[in-house]
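**Student:** The structure follows.
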There are 2 protein chains.
Amino acid sequence: MNLRKISESTVRRLSLYLNLLRDMSDAGTEVVSSVDLAGGIGTTAAQVRKDLSNFGSFGKRGQGYVVEDLRASIESILGLVRPRRVALVGAGKIGSALLGYRDLRTRGFEIIVAFDIDPEKYGRKVFDVPVLPMDQLEQRLSADRIEIVILATPPAVAQEVANRVTASGVAGILSFAASKLETDATLAVRWMDVALELEGLSFLISAAGNEVEES
Amino acid sequence: MNLRKISESTVRRLSLYLNLLRDMSDAGTEVVSSVDLAGGIGTTAAQVRKDLSNFGSFGKRGQGYVVEDLRASIESILGLVRPRRVALVGAGKIGSALLGYRDLRTRGFEIIVAFDIDPEKYGRKVFDVPVLPMDQLEQRLSADRIEIVILATPPAVAQEVANRVTASGVAGILSFAASKLETDATLAVRWMDVALELEGLSFLISAAGNEVEES
């Protein structure tokens, strides 16, 4: 199987199954059916089986899945066997909100270090994460073996930072800057784009004929 | 055609085509081929034609698409013929960063009003948007004919706010709170989930065998 051919929506559903399995695991549930997994994320049992079959054979026909085993398998598929080492570039409003977002650590992402251009922030810790000047970027990304950089800079400097990050051997970027990035094909890039999500919502509202009436 | 059957990834690509067409329109480009549209967002010309064919017949064989016409058509498909009226609930770090995000307005979303529980914020305007107390929520959502609510509250209160928003006739919610929401099936809901995007990145890094080596 070619993992690079797995669709983005399949990977999204794997994340949702994983969240559900972690909750079940916390609640002491030992076995789960594809019907229950499907219900928990709003899809069909056939889709659950199809998604999982991309990655091997899980569970036994008529007996469901062992929660702990499936959880561990999906963590392995998603590359979350150990915490991912993350750095933040740009400790402004969105950046510092992320530093305080505890759910990241529970879900396997540890923000080790942050960078900013504002000298007033240097040497301070925001939610226990040290904020360093930008001229230490390359050295620290490499010394801390950072795997993923969250880019929360103004769009105007995003490309320059992305270039420096790529040169430092980081494997992926999650960008909050809506601007396009020209990056190496080996670098994985994802965007958090509020306007894109709002456009998706706007489509759903239109498609459902569910417009709010104008007065 | 059943618009509700259009996949989320098709809608995402429509957004990306739209961004590209707006740039082309600003640059004075009059006609564009499916090959150029495909190249601009990293997909294939066949995919562009397939995506658009869901919504009708655009362009002429061998002559490409008229930029202005296709832009207007996609705006119409996405329900963006006029600006969408948006309210923000929760004017904390992420919330106020959104109020300052100019790209939202250019892309057709106008944040009309914000709500917060902090009395120190009442009566103030953040980036020209008035911040009001939560007890005015229902009345203002209705009076301002708000279509979409951006939920940037702590997860613990997200469900309660979602219930109040739904009862006020809003058509869609974009939630920054990772917690699940039980909502009416008629309400369109999308999530901004940083951890979900990071999990997607982690998968891509694993699948590409592009791990940063441990020391």
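**Student:** I need the phi-derived Karplus couplings for the stretch B:118-127: 6.51 cos²θ - 1.76 cosθ + 1.60, θ = phi - 60°, integer Hz, Gly and Pro marked x.
**Tutor:** With the stated coefficients, the stretch B:118-127 comes to 7, x, 5, 8, 5, x, 7, 10, 10, 6 Hz.
**Student:** How many nanometers, to one decimal and shortest first, lie between the label point of B:ILE117 and those of its other copies, if labels sit 7 Å from Cα toward Cβ?
**Tutor:** For B:ILE117, the other copies' label points sit at 3.6 nm, shortest first.
**Student:** Whole number in Å², please: accessible area per residue of the protein assembly as shown, 1.4 Å probe, ligands, DNA and RNA not counted.
**Tutor:** Here the per-residue accessible area is 48 Å².
**Student:** Here's another thing I want to ask about it. Over the stretch B:136-197, what is the mean sequence separation of C-alpha contacts under 8 Å (at least six apart), divided by residue count, expressed as relative contact order in percent?
**Tutor:** Answer for the stretch B:136-197 is 33 percent.
**Student:** With the convex hull built on the Cα atoms of chain B, state its orientation-averaged projected area in nm².
**Tutor:** The Cα convex hull of chain B, projected and averaged over all directions, gives 15.9 nm².
**Student:** While we're here: Starting from the amide H of A:ILE117, placed 1.01 Å from N in the peptide plane, find each other amide H under 5 Å away whose residue is 5 or more places distant or on another chain.
**Tutor:** Sorted by chain and number, the residues that satisfy this are A:ALA91.
**Student:** Could I ask something else about it? Rounding to the nearest 20 debye, state how big the charge dipole of the stretch B:20-149 is about its Cα centre with +1 on each Lys and Arg Cβ and -1 on each Asp and Glu Cβ.
**Tutor:** 200 debye
**Student:** With viscosity set to 1.306 mPa s at 10 °C, what whole-number translational diffusion coefficient in µm²/s follows for the protein assembly as shown from Stokes-Einstein and a Kirkwood radius over Cα pairs?
**Tutor:** Once the numbers are plugged in, D ends up at 69 µm²/s.
**Student:** Another question about this same structure. Starting from the amide H of A:TRP191, placed 1.01 Å from N in the peptide plane, find each other amide H under 5 Å away whose residue is 5 or more places distant or on another chain.
**Tutor:** A:SER175
**Student:** Past 30 Å, Cα to Cα: identify those pairs from A:LYS5/A:LYS125; A:LYS180/B:LYS50; B:LYS50/B:LYS93; A:LYS5/B:LYS5; A:LYS5/B:LYS93, in the order given.
**Tutor:** Violating the 30 Å Cα-Cα cut-off are A:LYS5/A:LYS125; B:LYS50/B:LYS93; A:LYS5/B:LYS93.
**Student:** About the Cα centre of the protein assembly as shown, how large is the charge dipole given +1 on each Lys and Arg Cβ and -1 on each Asp and Glu Cβ? Please answer in debye to the nearest 20.
**Tutor:** Rounded to the nearest 20 debye, it is 760 debye.
**Student:** At a 1.4 Å probe radius, which order do B:ASP51, A:ASP135, A:ASP103, B:ASP184 fall into by accessible area, largest first?
**Tutor:** From most accessible down to least: A:ASP135, B:ASP184, A:ASP103, B:ASP51.
**Student:** Compute, for the stretch A:84-196, the length of the dipole vector about the Cα centre, with Cβ point charges of +1 (Lys, Arg) and -1 (Asp, Glu) only. Units Debye, rounded to 20.
**Tutor:** 380 debye
**Student:** Give the relative contact order (percent, whole number) for the stretch B:3-77; include only Cα pairs under 8 Å separated by 6+ residues.
**Tutor:** Relative contact order here is 37 percent.
**Student:** Now for a different question. Between B:PRO130, B:ALA188, B:GLY169, whose Cα lies farthest towards the positive end of the dipole of the protein assembly as shown when Lys and Arg beta carbons carry +1 and Asp and Glu beta carbons carry -1, centred on the Cα centre?
**Tutor:** B:ALA188
**Student:** May I pose another question? Quick check: with the 1.4 Å probe, what order do B:ILE117, B:ILE173 take by accessible area, largest first?
**Tutor:** Sorted by accessible area, descending: B:ILE117, B:ILE173.
**Student:** Taking each residue of B:43-51 in turn, how many C-beta atoms of other protein chains fall within 10 Å of its C-beta, and what is the average?
**Tutor:** Partner Cβ neighbours, averaged per residue: 0.
**Student:** For A:LEU151, A:LEU132, what's the largest-to-smallest order of accessible area, 1.4 Å probe?
**Tutor:** Ranked from most to least accessible, the order is A:LEU132, A:LEU151.
**Student:** Return the average number of partner chain Cβ atoms within 10 angstrom of each residue Cβ along peptide A:183-196.
**Tutor:** 5
**Student:** Whole-Hz ³J(HN,Hα) for each residue in the stretch B:34-45, computed from phi via Karplus 6.51 cos²θ - 1.76 cosθ + 1.60 with θ = phi - 60°, x for glycine and proline: what do you get?
**Tutor:** 5, 5, 5, 4, 4, x, x, 10, x, 9, 9, 4
**Student:** Let me ask something else about it. Can you give me the three principal axis dimensions of the stretch B:73-120 from its C-alpha atoms, in Å, biggest first?
**Tutor:** Sorted largest first, the three principal extents are 44, 15, 11 Å.
**Student:** Now for a separate question. Which ³J(HN,Hα) values, rounded to whole Hz and listed in residue order, are derived for the stretch A:96-111 from phi using the Karplus coefficients 6.51, -1.76 and 1.60 in 6.51 cos²θ - 1.76 cosθ + 1.60 with θ = phi - 60°, glycine and proline given as x?
**Tutor:** After applying 6.51 cos²θ - 1.76 cosθ + 1.60, I find 6, 4, 5, 4, x, 8, 5, 4, 4, 5, 4, 8, x, 10, 10, 7 Hz.
**Student:** OK, next. For chain A, what's the relative contact order in percent, using C-alpha pairs closer than 8 Å and at least 6 residues apart?
**Tutor:** Answer for chain A is 13 percent.
**Student:** What does the convex hull of the Cα atoms come to per residue for the stretch B:3-77, in Å³?
**Tutor:** Cα-based convex hull of the stretch B:3-77, divided per residue, equals 78 Å³.
**Student:** Moving to a separate point now. Between chains A and B, what is the buried accessible area in Å², counting both sides, with a 1.4 Å probe and ligands, DNA and RNA left out, to the nearest 100?
**Tutor:** 6400 Å²
**Student:** Cα centroid distance between the stretch B:162-215 and the stretch A:1-79, in Å?
**Tutor:** If we compute the Cα centre of each part, the gap is 17 Å.
**Student:** Out of the total accessible area of the protein assembly as shown (probe 1.4 Å, heavy atoms of protein only), what percent is carbon and sulfur?
**Tutor:** Heavy-atom surface of the protein assembly as shown belonging to carbon and sulfur, 1.4 Å probe: 50 percent.
**Student:** Quick one: which residues, 5 or more positions from A:GLY100 or on another chain, have an amide H under 5 Å from its amide H? H modelled 1.01 Å from N in the peptide plane, none for Pro or chain starts.
**Tutor:** Answer set, sorted by chain and number: none.
**Student:** Continuing with this model, one more query. Looking at the stretch B:84-196 from every direction and averaging, what is the projected area of its Cα convex hull in nm²?
**Tutor:** Mean orientational projected area (the stretch B:84-196, Cα hull): 6.7 nm².
**Student:** Label position 7 Å from Cα toward Cβ: report the copy-to-copy distances for B:GLU30 in nm, one decimal, ordered from shortest.
**Tutor:** 7.4
**Student:** What average number of partner chain Cβ atoms lie no more than 10 Å from the Cβ of the residues making up B:71-78?
**Tutor:** The per-residue average across the peptide is 2.
**Student:** State, to one decimal in nm and shortest first, how far the label point of A:ASP103 sits from each corresponding label point in the other identical copies (label point: 7 angstrom along Cα-to-Cβ).
**Tutor:** Counterpart label points of A:ASP103 in the remaining copies fall at 2.1 nm.
**Student:** Hey, any idea what the orientation-averaged projected area of the convex hull of the stretch A:143-215's Cα atoms comes to, in nm²?
**Tutor:** 7.0 nm²
**Student:** Scan chain B for the residue whose Cβ is closest to the axis carrying it onto chain A, then write down that distance in whole angstrom.
**Tutor:** B:LYS93, 2
The values are calculated or read from the model by the stated rules, or taken from the named source; none is laboratory data. Keep in mind it's a predicted model, so treat the numbers as computed, not measured. For neighbour counting, all protein chains shown are included, and Cβ atoms are generated from backbone atoms with ideal geometry for every residue, glycine included. The protein model used for the area step is the full one, side chains on, heavy atoms only, and it has no ligands, DNA or RNA in it. Shrake-Rupley method; radii C 1.70, N 1.55, O 1.52, S 1.80 Å.
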